[in-house]
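Engineer: Just dropping this structure here.
Rule-based calculations on the coordinates, nothing more; no lab input. The shown structure was predicted, so the numbers you read here are calculated from the model rather than taken from an experiment. No Cβ is skipped: glycine too gets one built from the backbone with ideal geometry, and neighbour counts run over all protein chains shown.
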Amino acid sequence: MSSELSPGARRVQAALADRGLPGRVVELPQTTRTAVEAARAIGCEVAQIVKSLVFRGDRSDRAYLVLVRGVDRVDESRLAEIVGEPVARADADFVRERTGFAIGGVPPVGHREPLPILIDAALLEMPELWAAAGTPHAVFRVLPDELSRITGGRVVEVGVVQRPS
Ligand code: 5CA
């Protein structure tokens, strides 16, 4: 029940309900802070996890939210070409300030201020996805078409498979 969710997860639950997806958020006892941890907790493939990564525009100081598969990373030079300015990965303070959520729980909807959203095309090829819902223990299930619709994100090719470090 939504009344049992923590405050961050409740905000995402409300944003989803506003967009026609009520009751989707689940809070798990296990951590879902990273894509690998979330996949383990849910019992799905890492590629089905939506990573919500915030980048900072060098010139505009804008926040860009990029959604990629859990197995991918963002090609920053490609992203820079797409948004028309150099970008860098945002730090924890910037992420919290602009989205209203801490890294590890950043959702694709429900942000403090509207921000441009870019969706990597590969994400939309997955049959079913799971995204963060405001806290490092909260997620929600979403279909690719639903993710496009609720975010209004621009579909781009910006993801590259992450190599093991
Ligand atoms: N809850 C999961 C998905 S359900 C989640 O939020 N995954 S994530 O991939 O979108 O967010 C974690 C990501 O935040 C990591 O992949 C990592 O790239 C990034 N991150 C972790 N620590 C930092 C940091 N200090 N600064 C910037 N980015 C960070």
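Engineer: Using just the helices of the chain, give the 222 nm mean residue ellipticity in deg cm²/dmol: DSSP H runs with n ≥ 4 each add -39,500 (n - 2.57), and the total is spread over all residues, rounded to 500. Don't skip to the answer; put the middle values down first.
Structural biologist: Working: 5 runs with 44 residues, N = 165.
So the helix-based figure for the chain works out to -7500 deg cm²/dmol.
Engineer: Show me the trypsin sites (Lys or Arg not before Pro) within region 29-72 that DSSP assigns to loop and that have at most 14 other Cβ atoms within 10 Å of their Cβ.
Structural biologist: Working: sites: 33, 40, 51, 56, 59, 62, 69; in loops: 33, 59, 62.
Passing sites in region 29-72 are 59.
Engineer: Just how far, in whole angstrom, is region 114-165 from region 1-63 if you go by their alpha carbon centroids?
Structural biologist: Computed from Cα coordinates, the inter-centre distance equals 10 Å.
Engineer: I want the local charge near residue 104. Using Cβ-Cβ distances under 15 Å, sum +1 for each Lys or Arg and -1 for each Asp or Glu among the other residues.
Structural biologist: Details: positive: 33, 40, 51, 89, 96; negative: 27, 37, 91, 93.
Net of charged neighbours comes to +1.
Engineer: Quick one: work out the % antiparallel among DSSP beta bridges in the chain, nearest 5. If you can, show how the numbers build up before the last one.
Structural biologist: Working: 20 of 28 bridges.
Within the chain, antiparallel bridges account for around 70 percent of the total.
Engineer: Which whole-number percent is the relative contact order of region 7-161 (Cα, under 8 Å, 6+ apart)?
Structural biologist: 29
Engineer: Treat every Asp and Glu Cβ in the chain as -1 and every Lys and Arg Cβ as +1, leave all other atoms uncharged, and give the resulting dipole magnitude about the Cα centre to the nearest 20 debye.
Structural biologist: Numbers: 21 positive and 22 negative charges, 55 e Å.
With Lys and Arg at +1 and Asp and Glu at -1, about 260 debye.
Engineer: Let me ask something else about it. Place +1 on the Cβ of every Lys and Arg and -1 on the Cβ of every Asp and Glu in the chain, take the dipole about the Cα centre, and give the residue among 115, 22, 126 whose Cα lies farthest towards its positive end.
Structural biologist: It is 22.
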